[in-house]
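The values are calculated or read from the model by the stated rules, or taken from the named source; none is laboratory data. None of the values given here were measured: they were computed from a predicted structure. FYI the Cβ positions are ideal-geometry reconstructions off the backbone, even for glycines, and counts take in every protein chain you see. Please note that ligands, DNA and RNA were not included when accessible areas were found on the heavy atoms of the full protein model with its side chains. Shrake-Rupley method; radii C 1.70, N 1.55, O 1.52, S 1.80 Å.
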Amino acid sequence: MAKPMSARRFLEALRDEGLSVVEVGDWSTHNRNHKGPWGPVHGVMIHHTVTRGTAHTVRICRDGYSGLPGPLCHGVIAKDGTVHLVGYGRANHAGLGDDEVLRAVIAERGLPPDNEATTDGNRHFYGFECENLGDGEDPWPKVQTDAIARAAAAVCRVHGWTQRSVIGHLEWQPGKVDPRGFTMGSLRERIADRLR
């Protein structure tokens, strides 16, 4: 079981991994903690946004929308590789997912199929939303995929986790397809390379 790192340590970890980071407003205290606990944390979840335009994407991920209040993640990874911090603590990003997947993440072993949605993921995962339309055609610039690997590695490095603690939303919740356009296997390989 891991206690979430402080917001300041989170920021430092991202910068230590060589990332360009933008702090958006009161990000370090902007959360949904009044709706339930934040932690223990067990991994990092990667998403795509289904949006275009960094300013628009950051605004939605910070504020949310009708029916789903923000923050919708901890950091937004833009096309240019910049990480925009929009919240810290419990965030509306993972939703309910598969308890067997969570057990596999904790044990850092291969993931089983996600076939149920019974476990609160917002409590247990750091979340990064990555700017992309998610249609399988919108490109993923190398600078952006590198930033995704760096951001996930930064969190893993602090907690002493391996790349197996990083999952995609599609591996957590039945019916989700994100991130679409690259495989989580290839991303985990890049994270493992960074952690060596």
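Shape of region 120-169 from its Cα gyration tensor (a ≥ b ≥ c, root eigenvalues): rounded if a/c is under 1.5, otherwise prolate when a/b > b/c, or oblate?
Cα axes put region 120-169 in the oblate bin.
Gain in length, residue 186 to residue 109, computed as 0.36 nm per residue apart minus the alpha-carbon separation, to one decimal in nm?
26.1 nm
Classify region 106-196 from the C-alpha gyration tensor, please: rounded if a/c falls under 1.5, else prolate or oblate depending on whether a/b exceeds b/c.
Oblate is the answer for region 106-196, as a/c is 1.5 or above yet b/c matches or exceeds a/b.
Looking at 173, 85, 95, which one has the Cα that reaches farthest to the positive end of the dipole of region 60-196 (charges on Cβ: Lys, Arg +1; Asp, Glu -1)?
It is 85, whose Cα lies furthest towards the positive end.
For region 157-173, in order, what is each residue's ³J(HN,Hα) by Karplus, 6.51 cos²θ - 1.76 cosθ + 1.60 with θ = phi - 60°, in whole Hz (x at glycine and Pro)?
4, 4, 8, x, 8, 9, 4, 6, 8, 10, 10, x, 4, 5, 8, 9, 10
Can you give the % of DSSP beta bridges in the chain that are antiparallel, to the nearest 5?
35 percent
Looking only at 155, 44, 177, which one moves most when the chain is put into a Gaussian network model with springs between Cα atoms under 10 Å?
Of 155, 44, 177, the Gaussian network model singles out 177 as fluctuating most.
State, as an integer percentage, the relative contact order of region 12-113 based on alpha-carbon contacts under 8 Å between residues 6 or more apart.
34 percent
Could you point to the residue in 145, 39, 115 farthest towards the positive end of the chain's charge dipole, with +1 and -1 charges on the Cβ of Lys/Arg and Asp/Glu respectively?
39
Go through region 72-180 and name the GluC sites (Glu not before Pro) that are in a DSSP coil and have 12 or fewer other Cβ atoms within 10 Å of their Cβ.
Answer by residue number: 137.
Give me the Debye-computed log₁₀ of I(q)/I(0) at q = 0.14, 0.18, 0.26 Å⁻¹ for region 15-71, equal point scatterers on Cα only, no solvent, two decimals.
-0.53, -0.89, -1.37
Using the Karplus curve 6.51 cos²θ - 1.76 cosθ + 1.60 with θ = phi - 60°, what ³J(HN,Hα) values do you get for each residue of region 182-192, in whole Hz, with x for Gly and Pro?
For region 182-192, the Karplus curve yields 8, 9, 5, x, 5, 5, 4, 4, 5, 5, 4 Hz.
Percent relative contact order of the chain, based on C-alpha pairs within less than 8 angstrom and at least six residues apart?
The normalised contact order for the chain reaches 27 percent.
Residues with amide H under 5 Å of residue 132's amide H, sequence separation 5 or more or different chain, H placed in the peptide plane at 1.01 Å from N; which?
49, 50, 51
For the chain, what % of the accessible area comes from carbon and sulfur atoms, probe 1.4 Å?
Roughly 49 percent, rounded to a whole number.
Quick one: grab the alpha carbon gyration tensor of the chain, order the square roots of its eigenvalues as a ≥ b ≥ c, and give me rounded if a/c is under 1.5, else prolate or oblate depending on whether a/b is larger than b/c.
Verdict is rounded for the chain.
Cut-off 10 angstrom, C-alpha nodes, Gaussian network model of the chain. Which of 147, 107, 78 fluctuates the most?
107
Please list, ordered by chain and number, the residues whose modelled amide H lies under 5 Å from the amide H of residue 168; skip anything fewer than 5 residues away on the same chain.
Here 46 satisfy the definition.
Skipping prolines and chain starts, which residues have an amide H placed within reach, meaning under 5 Å, of the one on residue 22, given they are 5 or more residues away or on another chain?
Under 5 Å from the amide H of residue 22 lie the amide H atoms of 83, 84, 85, each far enough along the sequence or on another chain.
Along Cα→Cβ, 7 Å out, is where each label goes; now give me the distance between the ones at residue 8 and residue 100 in nm to one decimal.
4.4 nm
Given a 1.4 Å probe, how much area per residue of the chain is accessible, in Å²?
Dividing the accessible area of the chain by its residue count gives 43 Å².
If the only charges are +1 at each Lys and Arg Cβ and -1 at each Asp and Glu Cβ, what is the size of the charge dipole of the chain around the Cα centre, to the nearest 20 debye?
Roughly 520 debye, rounded to the nearest 20.
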